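Reading through the structure tokens given below for one structure.
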Amino acid sequence: MFIRTERSVQDFMRFYPVVSTIIIINLLLWLVIDLLHLPIGYTIYNWGIGHNLSVYHGEYWRLVTPMFLHGGLGHVIFNSFALVLFGPALEQMVGKFKFIIVYFLTGLAGNIGTYVIDQMSNTPHLGASGAVYGLFGIYIFMVFFRKDLIDSANAQIVQVIFLIGLVMTFIQPNINIAAHIFGFLGGFALGPIALRNTQPFSMARNRPRKRKDPNDIHFNPNRWNRKRIIPKAIWKNLFWIILGILVLLGIFGKAF
């Protein structure tokens, strides 16, 4: 569910176009603003960064735009990495339209929470971490109330990563705590609606259907052995993936 098995970037983009588009937007904005330092980049940054005092004075678009802006290469890479890991399965399960709605609403919830906590704050904030924690909120809802959509192994992974990410939220500096908490709560609240009439994630749905050939052999005598081997291999890979994610989760939610 969280292990990427696509053969190429093209396959990933074809299977998960919404996640791919969000990542491309984030990277392009970073390129224009931070790497190339184009004049339009400064305009976009100043116009779009989260700023509660400006929202208080009527600049309500700043409740949405910060989720596409990032404070440096590390910030955008870590948020993009989180999206690559946790976005595809949910995009397939709920569908493209629902995923877009969920991503925007949870990101919005994180920024609204940030605003409500301190409306007169003069500290800027940016990043997609509110929306990313919104995805976690849906997964946690899935773990507790829709066990038919997630197996026990992936459920355990989600819980461990979320708990450690939550701890990191409170002990790491420069973290927008309100965005994480309210983004998560928004995702959890949207869980019943987003997961209605959904099916569990399956890589088989990403494969093109092959025409049946009457000469094909349909019985594989080794199929039972592979079923015993695959879980061990997956767990071995997931161990290292979790270690990497735990480090990244302490950083990707930075708000500058």
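The values are calculated or read from the model by the stated rules, or taken from the named source; none is laboratory data. Note that the coordinates shown come from a computational prediction; the quantities given were computed from them, not determined experimentally. A quick note on method: Cβ atoms are made from the backbone with ideal geometry, for glycine too, and the neighbour counts reach across all protein chains shown. These area figures cover heavy atoms from the full protein model, side chains too; ligands, DNA and RNA do not enter into them. Shrake-Rupley method; radii C 1.70, N 1.55, O 1.52, S 1.80 Å.
Side notes on the structure shown:
- Length released on extending from S8 to F170, taking residue separation times 0.36 nm less the Cα-Cα span: 54.6 nm
- Size of electric dipole in the stretch 51-188: Cβ of Lys, Arg +1 and of Asp, Glu -1, about Cα centre, debye, nearest 20: 140 debye
- Average accessible surface area per residue within the stretch 1-147, 1.4 Å rolling probe, Å²: 44 Å²
- Shape category assigned to the stretch 90-175 from the gyration tensor of Cα positions, a/c cut at 1.5: oblate
- Accessible surface of the stretch 1-111, 1.4 Å probe, proportion on carbon and sulfur as whole %: 73 percent
- Between the C-alpha center of the stretch 92-114 and that of the stretch 10-37 there is a gap of 17 Å.
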